[in-house]
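Inspection log for the structure reproduced underneath, given as structure tokens.
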Amino acid sequence: MNHRESVDHDAVLRARTLLLGSGTINVHEAVDAYRLLARVNPEVYLPRLSRALLEYGEVGPGDAETRLTVLTEAASAARRMNDDEPKRAVLLLKALEACERELLLLGRTEQARAVREESALTGREEGRPG
């Protein structure tokens, strides 16, 4: 299914207007707008979605389980970026690090270890020490 055809064009216009408006929007509103717009133009909006989700994961939800859900979505958005996107690795590494932290807080050491391994692999692929 082509996501571009299944998106409500009025909703896309509202999201763009919200982001471009002169008023201040909170991170939750930005996340909602970027989620929608990433379906229409992933090349442009997946990096913005990932960044907004990382920010929301830091300031938004109060419990570790909800933060983990938000941060997992941030990592997913980063993974879906084109490989040649310059911000991809940095955003993915930040999201994975944050996911690992929340998993450890929740006592999920095996899952945290798997995330750490993905993070190390991502770092090596980008020429960073892993």
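Values for this structure:
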| quantity | calculated |
| --- | --- |
| Selection status of ALA114, open to solvent by less than 30 Å² (accessible area, probe 1.4 Å) and either of a type in the set (D, E, K, R) or part of a helix (DSSP H, G or I) (or both) | no |
| Segments classed as helices (runs of 4 or more DSSP H), wholly inside the range 1-99, with at least 3 members that are closer than 23 Å to ARG116 by Cβ and modelled with pLDDT of 95 or more | 42-59, 64-79 |
| From ARG124, ARG39, residue being over 27 Å from ARG14 (Cα atoms), basic (Lys, Arg) and open to solvent by 60 Å² or more (accessible area, probe 1.4 Å) | ARG124 |
| The range 52-73 - residue that is within 19 Å of ARG88 (Cα to Cα) and β-branched (Val, Ile, Thr) and, of those, least open to solvent (accessible area, probe 1.4 Å) | VAL70 |
| Failed condition for LEU96, given (1) touching a residue at least 12 places away in the same chain (Cβ under 8 Å); (2) more than 22 Å from ALA38 (Cα to Cα); (3) open to solvent by less than 40 Å² (accessible area, probe 1.4 Å) | (2) |
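The values are calculated or read from the model by the stated rules, or taken from the named source; none is laboratory data. This is a predicted model, so every value here is computed, not measured. Every residue, glycine as well, gets a Cβ built from its backbone with ideal geometry; the counts of neighbours run over all protein chains shown. Surface areas here come from the heavy atoms of the whole protein model, side chains and all, with no ligands, DNA or RNA. Shrake-Rupley method; radii C 1.70, N 1.55, O 1.52, S 1.80 Å.
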